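Heads up: the structure comes next, in structure tokens.
The values are calculated or read from the model by the stated rules, or taken from the named source; none is laboratory data. What you see is a predicted model; the values in this text were computed from it and never measured. Don't worry about glycine lacking a Cβ; one is built from the backbone with ideal geometry, like all the others, and counts go over all protein chains shown.
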Amino acid sequence: MSDPSKITQKQSGFYRILKYIVLLSIVLLLVGSGHQLVTNRRPRIAILGAGMGGTGAAYFLHERLAADIHVFKQKGESIGGRAHVMEVDGREYEAGGSVFHISNHYMMTLSDHFGLRRRSEPDAKVGIYDGSGFSYIDTGWPLLKYFKLMYRYGMKLFFIPSYISSMLDKFTVIYEYQAYGYTFETIPEFLTSLDPFFLNMTEMSTFTFLKNENYPKELTDELITGINRGNYGQDCNLHGFVGMISLCGSLQDSLRSIQGGNKVLAEKMLQESQAILHNTPVTRVRELKEETDIYYVIDTLESDPSLPQDNKFDFVIIAHPLELSGVQFELLRQKVSKPVDREFQVTIATFIQGRINPEFFGLEDLTQVPDAILTTELVNPRVDFSTLQKVIPVDVVNADDVSKYLVHDDNTVWKIWSRKPMLESDLDLMFLSRRTVVSKSWYAYPKYKPGQSFPQIVLEDKLIYINAIEWAASAMEMSLISAKNAALLVEENIRGRSQKLRDKVPGSHVERNEL
């Protein structure tokens, strides 16, 4: 028989080993899941801004994590931010982010997810106005339109769609990267992971880029400048990447909008995220260190009973432009300050319900006035504006109903984009009659310059800046890409792992004047 004492010793040794294995497993589990289990509570995340980026971040965080999400917005500001509608004579019209391209994966799939109906943009007659007359007017006849464009701008014009298609093919690889959890911390890392030449394009103006590609000067000065003024309120001096992205907005057949307004998507994302919404802005973010843990203490303009008692958050996501922010940052390990070399373009949306004056444009009658008018950089114009176009209420989808609004009468609603407020004297010149005039001023998008600095996305390990991405290009889809990236960065920190694009794509980690 075996010695019982030896059996007991063997069993005791076995259980000690088993105990160590169990303890080691628990430790590894805690390390692997990171903050979420170590603190014995769900991570608490503050999102500063309720636009497409802020609500998108809330949605993607809820999709990937069990977290307490708090979204802060200005009192009286609508959900959606720059995806905004305005009322004219009892109907609503897009006043901010108006359209998106069918290649925009998140805008398309999320609108499908929420059962939102999309509409195509109406086939509008376009004119290019130089302040004294039209250099080009669309006749509406496809064959004649083709020959007029070719005569005016040459065959090179028809290479643009294929070039844009090639750019979009390269750009859409970001969705595959994000589906596998890859993150980026800088704008150069993001751009070069798609195509190294994308970053090179930001070093030159759109003028220079198109000249290097042998595009005719008339095409750049008129049509492409007109499109850029319509999309970004700027001419072809903006950097080449955003200038070419802007041309996606010229592919009318590929543009969509959401019935009820694009803001509806932001509202749905916020609702599904189960985030707590605070109708008061954040005034201060203060870093707090407790032993080995880092927190952020949030101060708001007004008291809010739905705020946590200690106002402590594990992560802060900034989803509004820091260049325009009133938030003060204190005791951060890395200083956050407003950049002095980056400005935003003021753009004013003015809606006029009334009858246009054809004589102002040098035309004889109303039937000759285009549905959409793009402008070149006007020299001493009587009225300085960027675009003028007929607009359709956001609830109208059916083609038959759309056609009812593309008419010329006292009920027609026009939208003017301009860099300065439209004066009564301006509207007196442009309109024979008007019933309603409403307007909204925006800091709509960055002023893009070749070679300018890019903001950092990761300001600190747990302080993330979504709107940095709009310095590459401003669009609703860009905000959603950056929102998804922010959610992945938070998850990365909590799970204790790292999947960087710079590691996935060799050579994508490029630094350039980042602040």
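Of note:
- Scope segment 350-381; condition part of a loop (DSSP other than H, G, I, E, B) and more than 11 Å from Asp130 (Cα to Cα); matching residues: Asn357, Gly362, Leu363, Glu364, Asp365, Val369, Pro370, Asp371
- Test result for Ser403, over 30 Å from Pro450 (Cα atoms) and free of Cβ contacts under 8 Å to residues at least 24 places away in the same chain: no
- If the condition is being assigned to a helix (DSSP H, G or I) and either touching a helix residue (DSSP H, G or I) at 6+ places or on another chain (Cβ under 8 Å) or not assigned by TED's automatic domain parsing to the domain that holds His408 (or both), then segment 82-113 contributes His105, Tyr106, Met107, Leu110, Ser111.
- Only listed residue being in a helix (DSSP H, G or I) and not small (Gly, Ala, Ser), chosen from Leu116, Leu157: Leu157
- Filter result for the condition that a residue is under 24 Å from Asn411 (Cα atoms), in the same structural domain as Leu423 (by TED's automatic domain parsing), of a type in the set (A, V, I, L, M) and modelled with pLDDT of 95 or more, over Leu374, Leu366: Leu374
- Whenever a residue of segment 178-201 is closer than 28 Å to Glu63 by Cβ, its partners that are surrounded by 21 or more Cβ atoms within 10 Å (Cβ to Cβ) and of a type in the set (Ser, Thr, Tyr), lying with C-beta atoms within less than 6 angstrom and at least six residues away or across chains, give the pairs Glu189/Ser508; Thr192/Ser508; Ser193/Ser508.
- All conditions but one from (1) out of contact with any Lys or Arg (no Cβ under 7 Å at 6 or more places or on another chain); (2) at pLDDT 95 or above apply to Asp293; the one that does not is (2).
- Close pairs (7 angstrom Cβ cut-off, 6 or more residues apart or separate chains): under 16 Å from Ile245 (Cα atoms) in segment 99-125, basic (Lys, Arg) anywhere: Val99/Arg256; Phe100/Arg256; Ile102/Arg256
- The set of residues in segment 112-146 being surrounded by 15 or more Cβ atoms within 10 Å (Cβ to Cβ), in contact with a Phe, Trp or Tyr (Cβ under 9 Å, 6 or more places away or on another chain) and among the small types (Gly, Ala, Ser) consists of Gly127, Ser135.
- Residue in segment 432-449 that is over 28 Å from Met107 (Cα atoms), surrounded by fewer than 24 Cβ atoms within 10 Å (Cβ to Cβ) and of a type in the set (Phe, Trp, Tyr) present: no
- Extreme residue, modelled with the lowest pLDDT, among residues of segment 303-351 that are β-branched (Val, Ile, Thr) and over 30 Å from Asp410 (Cβ atoms): Val340
- Enumerated helices (runs of 4 or more DSSP H) restricted to segment 217-317, each holding at least 2 residues that are in the same structural domain as Arg42 (by TED's automatic domain parsing) and either on the phi > 0 side of the Ramachandran plot or not aromatic (Phe, Trp, Tyr) (or both): 263-273
- Hey, Leu149 surrounded by 15 or more Cβ atoms within 10 Å (Cβ to Cβ), of a type in the set (A, V, I, L, M, F, W, C), in contact (Cβ under 8 Å) with a residue 40 or more places away in the chain and in the same structural domain as Ile245 (by TED's automatic domain parsing) or not: no
- Of residues in segment 278-293 being surrounded by fewer than 18 Cβ atoms within 10 Å (Cβ to Cβ) and touching a residue at least 24 places away in the same chain (Cβ under 8 Å), the one nearest to Val490 (Cα to Cα): Asp293
- So Ser386, is it under 20 Å from Tyr443 (Cα atoms) and surrounded by fewer than 20 Cβ atoms within 10 Å (Cβ to Cβ): no
- So Ala57, is it at pLDDT 95 or above, part of a helix (DSSP H, G or I) and outside the structural domain of Asp169 (by TED's automatic domain parsing): yes
- Test for Gly53: is it crowded, with 24+ Cβ neighbours inside 10 Å and either within 21 Å of Tyr106 (Cβ to Cβ) or more than 14 Å from the chain's Cα centre (by Cα) (or both): yes
- Listed by position, the strands (runs of 3 or more DSSP E) inside segment 419-495 whose residues that are more than 19 Å from the chain's Cα centre (by Cα) number at least 3 are 431-446.
- Sole exception among (1) at pLDDT 95 or above; (2) crowded, with 17+ Cβ neighbours inside 10 Å; (3) more than 17 Å from Cys248 (Cβ to Cβ) for Asn104, by number: (3)
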